[in-house]
Ligand code: MD3
Ligand code: FE
């Protein structure tokens, strides 16, 4: 389902079994040797989500990507599981895009967590200019998500992202402002949740 040009929502993309398997993989990664952490961003504020970057690490102080988590514990970034990469590549392809993700940001939302409205523009200018998409996978509790225009002053529209949904944002939609306004408790698929894991796949 195309929401706007380049903004494609693949509802119910993942089977219940896939959702459960992916949820368990996220959980294992989050509590593994390179654990999820709570980023502090520029200005010294803590984010409300837990984060684990795979492939490359997003540094919340410099807004750049790096091989080690120099803003936190210096640990090297784990690789993206092949199953994750394939899922993102196939979804991008079915939405009409080509991508080879080398970054996966795993965010964990408790029911209280939010993500303020922002633009994702820390990837290579060439990649962004080509309109290479970001692919987002929702697991667990649903989220109320808002998406606006490419400037902050344009109005936003609400979208609900449910467990198993995949959202592809590319082409003219790649630089749209967006955010997560609320997690909807008790909406997770059986065997996932509580809370929400969101995976965003990016090409640097
Ligand atoms: C629409 N995460 O990690 S993913 C993020 O649901 C992030 O956890 C949100 O924003 C979440 O940066 C949203 C979906 C997303 C990502 C990039 C977009 C939607 C987008 C870029 C343009 C338009
Ligand atoms: Fe984002």
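Quick rundown of the values:
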{"item": "One residue from 80, 21 being within 26 Å of residue 189 (Cα to Cα) and under 14 Å from the mean Cα position of the chain (by Cα)", "result": "80"}
{"item": "Pair list, Cβ < 6 Å and 6+ apart or interchain, from the range 3-25 residues that are in contact (Cβ under 8 Å) with a residue 24 or more places away in the chain and at positive phi to residues that are in a helix (DSSP H, G or I) and within 16 Å of ligand 1 (Cβ to nearest atom)", "result": "6/171; 6/172; 6/173"}
{"item": "Qualifying residues in the range 36-54 (those that are in contact with a strand residue (DSSP E or B) (Cβ under 7 Å, 6 or more places away or on another chain), in contact (Cβ under 8 Å) with a residue 12 or more places away in the chain and over 23 Å from residue 86 (Cα atoms)) - the one surrounded by the most Cβ atoms within 10 Å (Cβ to Cβ)", "result": "49"}
{"item": "The range 77-136, residues that are in a helix (DSSP H, G or I), surrounded by fewer than 20 Cβ atoms within 10 Å (Cβ to Cβ) and within 16 Å of ligand 1 (Cβ to nearest atom)", "result": "125, 127, 128, 129"}
{"item": "Among residues of the range 149-166, those that are touching a helix residue (DSSP H, G or I) at 6+ places or on another chain (Cβ under 9 Å) and within 16 Å of ligand 2 (Cβ to nearest atom), counted", "result": "2"}
{"item": "Qualifying residue in the range 147-159 (condition: farther than 20 Å from residue 39 by Cβ and either surrounded by 19 or more Cβ atoms within 10 Å (Cβ to Cβ) or within 14 Å of the chain's Cα centre (by Cα) (or both))", "result": "yes"}
{"item": "Test: residue 162 is away from ligand 1 (no atom under 11 Å from the Cβ) and crowded, with 16+ Cβ neighbours inside 10 Å", "result": "yes"}
{"item": "Any hit, the range 109-130, residues being more than 16 Å from ligand 2 (Cβ to nearest atom) and closer than 16 Å to residue 26 by Cα", "result": "yes"}
{"item": "In the range 190-202, residue nearest to ligand 1 (Cβ to nearest atom) [restricted to those that are in a loop (DSSP other than H, G, I, E, B) and either on the phi > 0 side of the Ramachandran plot or crowded, with 22+ Cβ neighbours inside 10 Å (or both)]", "result": "195"}
{"item": "Qualifying positions in the range 163-189 - in a loop (DSSP other than H, G, I, E, B) and within 19 Å of residue 132 (Cα to Cα)", "result": "170, 174, 175, 176, 177"}
{"item": "Close pairs (7 angstrom Cβ cut-off, 6 or more residues apart or separate chains): on the phi > 0 side of the Ramachandran plot and away from ligand 2 (no atom under 16 Å from the Cβ) in the range 174-186, modelled with pLDDT under 95 and in a strand (DSSP E or B) anywhere", "result": "none"}
{"item": "Residue check, residue 170 crowded, with 20+ Cβ neighbours inside 10 Å, within 10 Å of ligand 1 (Cβ to nearest atom) and modelled with pLDDT of 95 or more", "result": "yes"}
{"item": "Residue in the range 59-75 that is more than 18 Å from the chain's Cα centre (by Cα) and under 24 Å from residue 182 (Cβ atoms) present", "result": "no"}
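The values are calculated or read from the model by the stated rules, or taken from the named source; none is laboratory data. Here the structure is a predicted model, which is why all the values come from computation and not from measurement. Virtual Cβ from ideal backbone geometry, glycine too; neighbours counted across all protein chains shown.
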